[in-house]
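Asks: Following this message is one structure expressed as structure tokens.
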Amino acid sequence: MPIVALLNQAGDKVKDITLDDSVFGIEPNQQVLYDVVNAQRAAMRQGTHDVKNRTEVSGGGRKPWRQKGTGRARQGSIRAAQWRGGGVVFGPTPRSYEVKVNRKVRQLGMKSALSAKVLRNEIVVVDKIELAEAKTKQFVQVLNNLKVNGKALVVVPELNEVLGMASRNVENTFVAVSNHVSVLDILTYKNLVLTEAAVKYFEEVLK
């Protein structure tokens, strides 16, 4: 079972904790990670793209010229695709890009993402994060105490106003609530900072 150090906000080691092997100690499934991330990125697409086909453009109610006898090619409407100002053929129309992923696959994807962070030593567990004031400087100091360098995802059980305001201007850092974290979030950021409560949440939900 993975054993990691539990730190406090000052960066001091409080004790060693053992992570659940079924959540933080599995072999990451690369195919599942791809499928889950692909589905999440697809769900982010609005799908509101639209073009006008020949029934939606204005004009074209009358046949341009008679069918025979003019020497020209037959035409039925000046709003056909070959005419200037005509409709678009096979253009994009509003649709959903949703990709269905089974619940167990999503859970396996989250376990794989968490386990990958443990294997790469890119996970930091802190007992709690509490700030006296909504000061960016205080939040940055906590990250420095934890020796978190680079992009970081901080996961807390609940986001209060003080922590939210203190962290929102920190570049390449995102604070998320444990029940709203996605696989894409975990893989996007190099460092994963979990509070002890967030660890227990994942172990309860994903076991």
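Asks: Quick one: how many residues across the range 84-116 are part of a loop (DSSP other than H, G, I, E, B), touching a residue at least 40 places away in the same chain (Cβ under 8 Å), open to solvent by 50 Å² or more (accessible area, probe 1.4 Å) and within 30 Å of ASP185 (Cβ to Cβ)?
Replies: Matching residues across the range 84-116 total 7.
Asks: Tell me, yes or no, whether the range 20-35 has at least one residue that is open to solvent by less than 50 Å² (accessible area, probe 1.4 Å), out of contact with any Ser or Thr (no Cβ under 8 Å at 6 or more places or on another chain), closer than 12 Å to VAL118 by Cα and at pLDDT below 95.
Replies: Yes, the conditions are met somewhere in the range 20-35.
A quick yes/no check of all residues on (1) over 19 Å from the mean Cα position of the chain (by Cα); (2) not hydrophobic (A, V, I, L, M, F, W, C):
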{"residue": "LYS135", "(1), (2)": "yes, yes"}
{"residue": "GLN138", "(1), (2)": "yes, yes"}
{"residue": "GLN141", "(1), (2)": "yes, yes"}
{"residue": "LYS147", "(1), (2)": "yes, yes"}
{"residue": "SER178", "(1), (2)": "no, yes"}
{"residue": "LEU206", "(1), (2)": "no, no"}
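The rows are residues; the columns are (1) more than 30 Å from LYS117 (Cβ to Cβ); (2) more than 36 Å from the chain's Cα centre (by Cα).
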residue	(1), (2)
ALA42	no, no
THR70	yes, yes
ARG84	yes, yes
GLY91	yes, no
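Asks: Ok, one more. Considering only residues that are of a type in the set (Lys, Arg), surrounded by 11 or more Cβ atoms within 10 Å (Cβ to Cβ) and assigned to a loop (DSSP other than H, G, I, E, B), which ones fall in the range 36-65?
Replies: ARG45, LYS52, ARG54, LYS63
Asks: Can you name the number of the only condition in (1) surrounded by 12 or more Cβ atoms within 10 Å (Cβ to Cβ); (2) part of a helix (DSSP H, G or I) that ALA81 fails?
Replies: Unmet for ALA81, out of (1) surrounded by 12 or more Cβ atoms within 10 Å (Cβ to Cβ); (2) part of a helix (DSSP H, G or I): (2).
Asks: Now for a different question. Please verify whether VAL4 is outside any loop (DSSP other than H, G, I, E, B) and surrounded by fewer than 17 Cβ atoms within 10 Å (Cβ to Cβ), treating the condition exactly as stated.
Replies: no
The values are calculated or read from the model by the stated rules, or taken from the named source; none is laboratory data. Just so it is clear, the structure is predicted and the values come from calculations on it, not from any experiment. Positions of Cβ are generated from backbone atoms using ideal geometry, with glycine treated the same way; all protein chains shown enter the neighbour counts. Ligands, DNA and RNA are stripped out before the accessible areas are found, and what is left, the full protein with its side chains, is counted by its heavy atoms. Shrake-Rupley method; radii C 1.70, N 1.55, O 1.52, S 1.80 Å.
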